[in-house]
Amino acid sequence: MRISVGSDHAGYKLKMAMLPLMKEAGHEVIDNGCDDPAEQPYFPDVAQKVCQHVLDDNAEKAIMFCGTGVGAAIACNKIPGIRASMIHDWHCAHQAVEHDHVNVMCIGEKIVGDWIAWDLIQEFLRAQGDTDERAVIIQQKLREMESRLG
């Protein structure tokens, strides 16, 4: 799977710890920065780069690493066509994709350690969106809200 990733300075260490694991698992990773925690980029700028790959179909899913995941989720969800969620537990890692068709995982370096982060990332990447009638209706309603309110 091709995955777009990025971090601000607060998520840099976790991103750098996860990159080799994702590559070893056979994923192609597009790293959108930050490349040095001293840069201290603004997470909305990184979020735009990360999400653009999903919107352009250059990546199937994306992961934003920041301090808590909160700011990254807010920034990503401002972008039409993106469904981002802060994910810090195993159940949400798959259910966010299955039921809500989340395409961007936001994870906080200050909240979860490397070991748990890797388990969550694997679960998020494995999960597939539900395609039953109810899921289809929910996705349509979300798209309508986005076009009407966005």
Query raised in the report: Which one is surrounded by the most Cβ atoms within 10 Å (Cβ to Cβ), of the residues in the range 94-132 that are under 20 Å from Ala25 (Cα atoms) and acidic (Asp, Glu)?
Result: Glu123
Query - Conditions (1) within 22 Å of Asp114 (Cβ to Cβ); (2) of a type outside the set (Lys, Arg); (3) surrounded by fewer than 18 Cβ atoms within 10 Å (Cβ to Cβ); (4) at pLDDT below 95: number failed by Phe43 - result: (3)
Requested in this report: Those residues that are within 12 Å of the chain's Cα centre (by Cα) and among the aromatic types (Phe, Trp, Tyr), I need them from the range 30-89; list them, please.
Outcome: Phe65
Query raised in the report: Taking helices (runs of 4 or more DSSP H) that fall entirely within the range 79-150, which contain at least 1 residues that are closer than 19 Å to Ala47 by Cα and modelled with pLDDT of 95 or more?
Result: 90-100, 114-126
Report task. Determine the pairs where a residue that is of a type in the set (Lys, Arg), located within the range 32-56, has a partner that is in a loop (DSSP other than H, G, I, E, B) with Cβ atoms under 6 Å apart, the partner being 6 or more residues away or on another chain. Result -> Lys49/Asn32
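Does any residue of the range 30-41 turn out to be assigned to a strand (DSSP E or B) and either out of contact with any Gly (no Cβ under 6 Å at 6 or more places or on another chain) or more than 27 Å from Leu149 (Cα to Cα) (or both)? Steps first, please.
Step one: filter the range 30-41 for residues assigned to a strand (DSSP E or B), giving 30-31.
Cutting the leftovers down to either out of contact with any Gly (no Cβ under 6 Å at 6 or more places or on another chain) or more than 27 Å from Leu149 (Cα to Cα) (or both) gives us 30-31.
Taking every residue of the range 30-41 in turn, at least one turns out to be assigned to a strand (DSSP E or B) and either out of contact with any Gly (no Cβ under 6 Å at 6 or more places or on another chain) or more than 27 Å from Leu149 (Cα to Cα) (or both).
Touching a Phe, Trp or Tyr at 6+ places or on another chain (Cβ under 9 Å), among the hydrophobic types (A, V, I, L, M, F, W, C) and within 14 Å of Val104 (Cα to Cα) - does that describe any residue in the range 53-64? Walk me through it before giving the result.
We begin by selecting, within the range 53-64, every residue touching a Phe, Trp or Tyr at 6+ places or on another chain (Cβ under 9 Å); these are 61, 63-64.
Checking which are among the hydrophobic types (A, V, I, L, M, F, W, C) leaves us with 63-64.
Next cut, within 14 Å of Val104 (Cα to Cα) only: 63-64.
So far as the range 53-64 goes, yes, one or more of its residues are touching a Phe, Trp or Tyr at 6+ places or on another chain (Cβ under 9 Å), among the hydrophobic types (A, V, I, L, M, F, W, C) and within 14 Å of Val104 (Cα to Cα).
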Query raised in the report: Does at least one position in the range 60-70 carry a residue that is at negative phi, surrounded by fewer than 23 Cβ atoms within 10 Å (Cβ to Cβ), assigned to a helix (DSSP H, G or I) and modelled with pLDDT of 95 or more?
Result: yes
Requested in this report: Name, by its number, the condition in (1) in contact (Cβ under 8 Å) with a residue 24 or more places away in the chain; (2) among the hydrophobic types (A, V, I, L, M, F, W, C); (3) out of contact with any Asp or Glu (no Cβ under 8 Å at 6 or more places or on another chain); (4) within 25 Å of Met145 (Cβ to Cβ) that does not hold for Ile107.
Outcome: (4)
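The values are calculated or read from the model by the stated rules, or taken from the named source; none is laboratory data. Computed from a predicted model, the values in this text were never measured in an experiment. Quick reminder, even Gly has a Cβ in these numbers, built from the backbone with ideal geometry, and neighbours come from all protein chains shown.
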